[in-house]
Each structure stands twice: as structure tokens, then as C-alpha cells.
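Take a look at the structure set out below.
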Amino acid sequence: MSPAKYRTYGLELLMIAAAVVFLFPVYALITLSMKNPRQIADSPLAPPLPPTLANFGDAWSSASLGPALVNSTVITAVSLLLLIVLGSTGAYYLARRVRGLGYGLYILFLLGIVLPFQLGMIPLYKLVDSVGWLGTYQGMVLFYTGIQLPFTVFLYTGFIRALPPDYAQAALIDGCDHRQAFTRIVFPLLRPITGTVIILNAVFIWNDFFTPLLYLGGSGKETVPVGVFSFVGQYVSDYGLVFAGLVLAALPILLVFLLLQRYVIKGFAGGLKG
Amino acid sequence: MNSLPETAASDLPARAPGKPATTGEPDRTRRGGRRHDPTVPPWAFVVPALAVYAVVVLYPSLAGVGYAFTDWSGIGDFGFVGLDNFRTLLGDDRALRSVGNTLLLTLAVVVVQNAVGLLLALGVNANIRSRALLRVIFFAPAVVSPVMVAFLWKYVYNPDDGAGLNGVLGALGLGGLRQDWLGNPSLALWSVAAMVVWQYAGYSMVIFLAGLQGVPAELHEAATIDGAGTWQRFRYVTWPLLAPALTINLMLSTIGGLKLFDQVYAATNGGPGTASETLSTVLYKEAFVFGKFGYSTAVALVLALFVAAVSLIQLRYLRAREVTA
């Protein structure tokens, strides 16, 4: 074998070793979720022999994960839809108007990536309360759409700038108006970045803890992280049960990630060029 | 140039008859009054996004700046108190400690997360067989809720001798290194930092990877022919071309570190004592535990100024050293 090949094998072994160290918390998560309290007390690090699945059923019912999953799904899906529509249309303008008003608005949107949401947290809480949207889906959807628009606009604008403007121009010359040029020509071209927009926003919205704790606490519309938070507080010493709950709660978003993961790297690559 | 051909729109015939709009919106031309301009002007595209952004981010942030100068308690009337909140902050040991902690935590996370992310990216960008799987493994924690990661790491940091990290250290014969990772005031902040790095190193990796994939192979070949070794190729070819990825990574991890809340709240709640208190946990407690909304927004304003200052400095410095292939 050539020295270069040996080096590649060496690197591969090194990376696998890093992954094994890196995966230790995940090993603990999965093995503990399949042990009963005695197995955990006797040998916390050993594999779960024999494994039990009882924790999963118990966690599902005592964390009321069913309703929480419905709440999280509704809020995430509607927010994503609005983010895609508002983000892509907004970027259609901002990407092609690079001077004057367009530039000013683009900078204004970018400001939203930097501003900590905590600065507006209390006034926004008052506003949502005053229109009676505390404890409702629409309050959360409005919040997530607004708070994630800057990042979404940033991703879409970078991507549209890298597209040749000729397609839309040809459509306009052929008699389309801007709305038609956008819906028929531009938007279909945005599919890769829409994949990125979906996964990055879905991860943020699905996992957000603070806002639903504040806006949905006690409403019965709590999302998964809030449900898990109070569940963990209740069963704090029963690691098997708690970890089974964490596994169940993390599964949906991990599955979405596995399905869309190729868009993540592509999307970042596009964002770097923009 | 990069501009929409605005003029074309009104001179051209409107939509062909018999071809309804695909969006399902009512046709504006039929509602009267708009017949002379049947097209949607380009600026109209940005209006809905701007409206939502203004209601959710711009207006509340501006109002927040206003509240920072009041003694509002969350209910009833409040008065303008000038700079009192900021003077209070300067004399508030817990708040000052949180400023220090936030900066230390951010520095630790930014440096370690990006260093680890870069090494991982170089590894999984190489021609190794397991690279696709490794990319997924390293990125996966970034997809999981920070609160859940914090609960998982509370177990890893379990003070019991046989469980979690202490258990592993014992099994490896390194029992002398066992610690009460979250309960020891001088370790708690660093333990939180390690947990954050574990969760987001893969995120940095993916951004560096995107940068690495934009480095043309010919440049490496040319450098090799010129006799450059591995380190020289990295230092003089790869590293300068990674500048845009580095800019984004440093900015995202800095902003994320300065705003960090969920992980601290769930893992230590700022403790023990005030050992891991950050600006975000202090402003949360001041507002929702002590009802000092005015003071809390003043803390938020300080946080915002920190974030803005650091991002601007980074952007200026980092953009200046970016080159293109």
C-alpha cells in the first residue's frame, strides 16, 4: 500500500475514534432509556441486558407527548409555510434591488439576526396579551414567523442573487406580471434553498423552549420541549423514564433532519456565496 | 445590472385571456380602479414580510429601548427614571458577574467550537469511507432541542461516582479526575461551555465543510507541484479561502454565545450561587421572577449593545481578510 493510503486509513481511524467519544452521551441516553431503575443503579454504564421497552410507553403517557406533538407540528408547519411565502417574496425584491430603498430594507432585515429577541421580549409579550393571543397557536405562529424572517430573507436573498436574472426578465417580456414571473418561474427555481429554509427553521421552531414556556404555559397547547421540561421536573430521579421521554421527543426532528440533511450543506454553500 | 425591469411591466399586455392566476388570489384587474396598472409592483413583494417583521421585531425592540429607562413593574403605571437602571446595574454584583460570565462563556464556546468544527470538517472532507455517516453523526446534536441536550448532560455530569462522565473516568482508571461538574462553582460555567460545544461543533463543521468544498482542487494540485507540504497547503491555500466560512461561523457562535439561555436555565439555572449566571438568565429572573420589567429591559439593552458591537467589529475585521479563489 502507498503511504497516502496508510494516511487515509489512519485519518479514518482517528475520525471514528472521535465519533465514539462524541457519541458517549447518546450511548448513555439510549441504554438508560432501555433499563429499569435497578439495572441503572447496579451498572449505569453497562449495556441494557435484558432491554426493556416499558419506559417508552410510560413516558409517552406521563409526558402527554401525543398532544404536545400535535401542538408542535401545527405551530411548526404553519410558521414554515408563512416563512417560505413571506421570505421568498420579500427576497425576490431585495435580491434585485441592491441600491437605495432595497439596500436599506435588506440591512434592516439583517439587523434582526443580530438583535437579541430579549430586547423586545416584554413589549411583544404585552402586545400578544393585548390582542388575546397568549396561549394560542396564532400567537406562536406570528412570533416564529417574525423572529425567523431575517434569517430566512438572508438565505433566500443570497440564493436569488446567485441566479441569473434573465429567467424572470424573459417571463416579464413574454407578458407575465411580477406575480406570475415569481410564482411560475422564480419560485420553482428556489427549491434547494427552500429545503434549507425548511430544515433550519423547523429545527429552531420545534426546539424552542423559552417562548412557548412564556406564551403557552398552562394553556394546554404546550409544545414538546415545554412538555418534556415539566415531565423531567416531575420524574427527575428516574433516568430510565426521563431518557425514554427525551428519545421520543427528539425522534421526529431527527427523522426530518435525516430526510433533508443533504440540503443543509448545499444551503450553507449557497449562503456563503451570497 | 441586478435590477428588475420595472418599465417592461406596464407597457406590456396583461395576462393572456383564459389563463387565470395560479395563486388563487382574486384578480385585481376585475375589481375596478386598478385597470390602468394590472401588475403587482415589485416593491409590493416585500410589504407582507416587512409588516410581520415590524410587528414582531422592530416595534417591540424599539419599545424595549424605551422601557429600559423606566421603573415599570409589569402592571400599572410607570415613571421615567433616566439612567437609574444602568446605575443599579453597575452596583448589582449578580448582574456584573453575569456580564463577566457571558463574555467568558462566549469566548470559550467561540474558540473551542470553531477549532473542533474546523478539525472535524477537514476530517470528513477527506477521502475516507465513513465520511457521509460521520457528517450526520457530528451534526445530529445540533438538531435536538438545547433543553433536552441540557437534561442529557445533567446525567453526564452526574456527581455519582459510577454514572456518567465520572463513571467513565473511573472505568478508565482516571478516578482521580472525578468532579462535581455542575455543582462546583469554579467548574460549572466551563461544564456548560463543554455541553454547548458538543451540541454545536457539528454546526460549525458543516459551515466549514461548505467552505472547503468551494476550494478548487487545481489550487491544491498546483501547490503540491510547487513542493508545498500538507501544512503549507492548508496555511496558504485552504485557510485564506475559508475566510467567508470563518466569518459566518465566528459571527453565529458569538451571537449564539452572548444570547445563550436554554442550556444554562435547564442545566444549572445560573448556579451554584451565581457561578453560571448569564445576562440572559439574569434578565429572565429580573422580569418574570422579581417583576422588575424596566430593569430587565435595561439588562437586555446592554446585551443588545454587546452583540451589536462585537458583530460589527468582527464583520469589519473578518470581511477585510476575505479573498476569492
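The values are calculated or read from the model by the stated rules, or taken from the named source; none is laboratory data. Not measured: the values here are computed from a predicted model. Cβ atoms come from the backbone with ideal geometry, glycine included; neighbour counts cover every protein chain shown. For the accessible areas, the whole protein counts, side chains as well, though only heavy atoms, and no ligand, DNA or RNA atoms are used. Shrake-Rupley method; radii C 1.70, N 1.55, O 1.52, S 1.80 Å.
For region B:102-113, check the following and say yes or no: at least one residue is surrounded by 22 or more Cβ atoms within 10 Å (Cβ to Cβ), more than 18 Å from the chain's Cα centre (by Cα), within 13 Å of another protein chain (Cβ to nearest Cβ) and not basic (Lys, Arg). Looking through region B:102-113, none of the residues is surrounded by 22 or more Cβ atoms within 10 Å (Cβ to Cβ), more than 18 Å from the chain's Cα centre (by Cα), within 13 Å of another protein chain (Cβ to nearest Cβ) and not basic (Lys, Arg). Residues that are more than 7 Å from chain A (Cβ to nearest Cβ) and open to solvent by 50 Å² or more (accessible area, probe 1.4 Å) within region B:40-49 comprise just one, B:VAL47.
Taken over region B:273-289, the criterion of being hydroxyl-bearing (Ser, Thr, Tyr) and either closer than 13 Å to B:ALA150 by Cβ or assigned to a helix (DSSP H, G or I) (or both) is satisfied by B:SER276, B:SER280, B:THR281, B:TYR284.
When you check B:GLY211 against the structure, is it more than 18 Å from the chain's Cα centre (by Cα) and surrounded by 19 or more Cβ atoms within 10 Å (Cβ to Cβ), yes or no? Yes. When residues in region A:207-224 are screened for being facing chain B (nearest Cβ under 8 Å), more than 15 Å from A:GLN148 (Cβ to Cβ) and touching a residue at least 40 places away in the same chain (Cβ under 8 Å), 2 of them pass. Taking the listed residues A:ASP174, A:ASP166, the one that is acidic (Asp, Glu) and within 10 Å of chain B (Cβ to nearest Cβ) is A:ASP174, with no other qualifying.
Annotation note: of A:ILE113, A:ILE122, the sole residue that is at pLDDT below 90, of a type outside the set (Phe, Trp, Tyr) and touching a Gly at 6+ places or on another chain (Cβ under 8 Å) is A:ILE122. Residues being of a type in the set (Phe, Trp, Tyr) and within 7 Å of chain A (Cβ to nearest Cβ) are entirely absent from region B:176-189. Residues that are within 20 Å of the chain's Cα centre (by Cα), more than 22 Å from B:LEU305 (Cα to Cα) and away from chain A (no Cβ under 11 Å) within region B:256-269 comprise just one, B:ALA267. Checked against the criteria, B:MET195 does not count as within 16 Å of A:TYR239 (Cα to Cα) and either crowded, with 16+ Cβ neighbours inside 10 Å or in contact (Cβ under 8 Å) with a residue 60 or more places away in the chain (or both). If the condition is being small (Gly, Ala, Ser) and either open to solvent by 30 Å² or more (accessible area, probe 1.4 Å) or modelled with pLDDT under 85 (or both), then region B:271-310 contributes B:GLY271, B:GLY273, B:ALA308, B:ALA309. Take the conditions (1) within 11 Å of chain B (Cβ to nearest Cβ); (2) under 24 Å from B:SER204 (Cα atoms); (3) surrounded by 22 or more Cβ atoms within 10 Å (Cβ to Cβ); A:PHE204 misses just one of them, which is (3). Kindly list the number of the only condition in (1) surrounded by 24 or more Cβ atoms within 10 Å (Cβ to Cβ); (2) free of Cβ contacts under 8 Å to residues at least 24 places away in the same chain; (3) not aliphatic (A, V, I, L, M) that fails for B:GLY202. With respect to (1) surrounded by 24 or more Cβ atoms within 10 Å (Cβ to Cβ); (2) free of Cβ contacts under 8 Å to residues at least 24 places away in the same chain; (3) not aliphatic (A, V, I, L, M), B:GLY202 is out only on (2). Within region A:1-42, the set of residues being under 20 Å from B:PHE151 (Cα atoms), of a type in the set (Ser, Thr, Tyr) and open to solvent by 30 Å² or more (accessible area, probe 1.4 Å) comprises just one member, A:TYR27.
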